[in-house]
1. When only residues in segment 85-103 that are touching a Leu at 6+ places or on another chain (Cβ under 6 Å) and in contact (Cβ under 8 Å) with a residue 24 or more places away in the chain count, which is nearest to Cys117 (Cα to Cα)?
2. Mind listing whichever residues of segment 47-68 are part of a helix (DSSP H, G or I), free of Cβ contacts under 8 Å to residues at least 40 places away in the same chain and surrounded by 15 or more Cβ atoms within 10 Å (Cβ to Cβ)?
Amino acid sequence: MTLSLTRIVPLLDLARPGKAGWLLVLLVFGWVPLQAAPRDEIEALAHFLGHLDGADFVRNGSTHTAAEAEAHLRLKWKNQSDQIVTAEDFIRLCGTGSSMTGQPYLIRFKDGHEEPCAVVLQRELKAIRNKAAAEPNRATLPSPAPH
């Protein structure tokens, strides 16, 4: 007995793909990026942190520059790379606080207010993902065949 795709997925007529059929085909073959790769997101978060204008990074009561914060989080990432699969893992394991003292990392902005580093990174991750979702896909969906 031969099993056709139209029997496996009866709701999609893949013999004449419409929008849903083409979307399925492109997703199966990986041609439609749904979001940035985790490594790209982590790189973007580290870069963002290292380039916060006028901000300081507070770690264990000591103040550091944004560039030093980036270098520190990159070192933690490197040392825990086997445990970090997603950007959320990076934030949780590297950007939340000191593994030695348990104190949370803080970002002190140039206006003087402070926020937990993890909150700032989570907000930036959301912005990164929203931007990626708003950008047109690199792959172009073929026009559906006329019926």
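1. It comes out as Gly95.
2. Gly50, Ala66, Glu68
Since every read-out is calculated from the coordinates, none of them should be taken as a lab result. Given the structure is predicted, the values throughout are model-derived calculations rather than measurements. Ideal geometry is used to build each Cβ from the backbone, glycine not excepted, and the neighbour counts take in all protein chains shown.
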